[in-house]
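For reference, the structure is listed below as structure tokens.
The values are calculated or read from the model by the stated rules, or taken from the named source; none is laboratory data. Keep in mind it's a predicted model, so treat the numbers as computed, not measured. Positions of Cβ are generated from backbone atoms using ideal geometry, with glycine treated the same way; all protein chains shown enter the neighbour counts.
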């Protein structure tokens, strides 16, 4: 059901609360419509964390399943909106995936089987930026993705990341500095 989010009819006339209520009552189309409504924004954030289409699809599928499993526990009267809550779930899935990938990479390196990066892809500025983001701590990459990539305020990013604005500001400062250094060391002129 969830893997086919883009092909089901859109129920755009209902607000998020109505769709959540219908979803909790067992209306799968309402859940799909809710996920579809916010999928592109959340995909954009996750893309900036994982930078791989296959991983993106896996992470989003996991996030959709987590939303489905826990929709009844979503607090509509709480501070978080549905999109913020969905984004939190997807970011946690992306961070978990990155940590697992780092563990796999470390294990492969210990037996001498590291993958060699494609030099053609690395020469592309966007590829370097994605690689720089991948090298950051996952929560720092998420903060940059939310603020710089999706245009959220630091306060909104703090809400999504379940932290305070000052911590988001520090992560942005440190992450941007690390990205700048990474890009410069790879021959990219940064202003």
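Only one of the numbered conditions (1) modelled with pLDDT of 90 or more; (2) closer than 22 Å to residue 156 by Cα is not met by residue 55, and that is (2). Report yes if residue 75 is within 12 Å of residue 160 (Cβ to Cβ), in a loop (DSSP other than H, G, I, E, B) and either out of contact with any helix residue (DSSP H, G or I) (no Cβ under 6 Å at 6 or more places or on another chain) or at pLDDT below 90 (or both), otherwise no. When the stated conditions are applied, residue 75 does not pass them. Taking the conditions (1) buried (at least 20 other Cβ atoms within 10 Å of the Cβ); (2) farther than 26 Å from residue 157 by Cβ; (3) at pLDDT below 90 in turn, residue 32 satisfies each one other than (3). Within segment 79-92, residues that are within 17 Å of residue 137 (Cα to Cα) have Cβ atoms under 7 Å from residues that are modelled with pLDDT of 90 or more and surrounded by fewer than 19 Cβ atoms within 10 Å (Cβ to Cβ) in no pair, counting only partners at least 6 apart in sequence or on another chain.
Name the residues in segment 155-177 that are surrounded by fewer than 18 Cβ atoms within 10 Å (Cβ to Cβ) and either assigned by TED's automatic domain parsing to the domain that holds residue 40 or in a helix (DSSP H, G or I) (or both), would you?
The answer is 155, 165, 166, 167, 169, 170, 173, 174, 176, 177.
Residues of segment 22-36 that are free of Cβ contacts under 8 Å to residues at least 40 places away in the same chain and either within 21 Å of residue 57 (Cα to Cα) or part of a helix (DSSP H, G or I) (or both): 22, 28, 29, 30, 32, 33, 36.
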